[in-house]
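Student: Submitted below is the structure of interest, expressed as structure tokens.
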Amino acid sequence: MVALFGAVLLLGAVGPAAVADEKFGFGREIEGTYILSQEGTTTHSSYMFTEFGAVIWSASDQREFAYAPGNGVWKQTGDRSAKVRIVSFELDGSGVAVIDMEFNFSDDFSTVSGSFEGGIYPPDVNVNAIDREPRQNLANRFTGVRLTLGE
């Protein structure tokens, strides 16, 4: 009985760690910053992924379009893919940009490609359940590379 009880305790101690490793393994793989280029434009942006599902975003055209850097969340959708939602508030307070993205990572997570769509909405939009048309639609494809320190 003591041996059986000890085995149950051991399994209980190992179980949660194994589940956490499996749950956050993808996050550990994508964690870092990616520099993206939009198809057909000179616009560049950076996306910093955290292990636990947050994204911090900044873009080269912020002053041109009068919006602030954004934050968001990501969720794994496949072996090497993730959905991302970014929210960015316009600097003049007249709206909020909500962008949904699909990121497809290379086997070694050094490059990424994908697409995005979304829009700029009135400031009172519910960013989790958008129920109205945007003032401006946003959509494009992108490619990118993971930022490294070099060798």
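Student: Is it true that Asn104 is at pLDDT below 95 and either under 20 Å from Ile56 (Cα atoms) or assigned to a strand (DSSP E or B) (or both)? Can you show your working first?
Tutor: Numbers: at pLDDT below 95: no; either under 20 Å from Ile56 (Cα atoms) or assigned to a strand (DSSP E or B) (or both): yes.
In short, no.
Student: Which members of region 38-47 meet the condition of being touching a residue at least 24 places away in the same chain (Cβ under 8 Å) and surrounded by fewer than 16 Cβ atoms within 10 Å (Cβ to Cβ)?
Tutor: Glu39, Gly40, Thr41
Student: Here is a follow-up. Return the total of residues in region 25-37 being surrounded by 18 or more Cβ atoms within 10 Å (Cβ to Cβ) and within 14 Å of Thr111 (Cα to Cα). Lay out the reasoning, then the answer.
Tutor: Here is the first cut: in region 25-37, the residues surrounded by 18 or more Cβ atoms within 10 Å (Cβ to Cβ) are 26, 30, 34, 36.
Now restrict to residues that are within 14 Å of Thr111 (Cα to Cα): 30, 34, 36.
So the count comes out to 3.
Conditions (1) open to solvent by less than 30 Å² (accessible area, probe 1.4 Å); (2) in a strand (DSSP E or B), marked per residue:
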residue	(1), (2)
Ser94	no, no
Phe109	yes, no
Val125	yes, no
Asn140	no, yes
Thr143	no, yes
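Student: Here are some conditions: (1) exposed (fewer than 15 other Cβ atoms within 10 Å of the Cβ); (2) touching a residue at least 24 places away in the same chain (Cβ under 8 Å). Asp131 meets all but one. Which one does it not meet?
Tutor: Against the list (1) exposed (fewer than 15 other Cβ atoms within 10 Å of the Cβ); (2) touching a residue at least 24 places away in the same chain (Cβ under 8 Å), Asp131 comes up short only on (2).
Student: Additional query: For region 63-71, does any single residue satisfy the condition of being part of a strand (DSSP E or B), out of contact with any Pro (no Cβ under 6 Å at 6 or more places or on another chain), under 18 Å from Ile35 (Cα atoms) and open to solvent by 20 Å² or more (accessible area, probe 1.4 Å)? If you could, list the steps in order and put the result at the bottom.
Tutor: In the first step, residues of region 63-71 are kept if they are part of a strand (DSSP E or B); the result is 67, 70-71.
Now drop any that are not out of contact with any Pro (no Cβ under 6 Å at 6 or more places or on another chain), which leaves 67, 70-71.
Imposing the further condition that a residue be under 18 Å from Ile35 (Cα atoms) reduces the set to 70-71.
Retained after the next criterion (residues that are open to solvent by 20 Å² or more (accessible area, probe 1.4 Å)): 71.
Yes, that holds for at least one residue.
The values are calculated or read from the model by the stated rules, or taken from the named source; none is laboratory data. These figures come from a predicted structure and were not determined experimentally. All Cβ positions, glycine included, derive from the backbone under ideal geometry; neighbour counts span all protein chains shown. Keep in mind that these areas ignore ligands, DNA and RNA; they rest on the heavy atoms of the full protein, side chains included. Shrake-Rupley method; radii C 1.70, N 1.55, O 1.52, S 1.80 Å.
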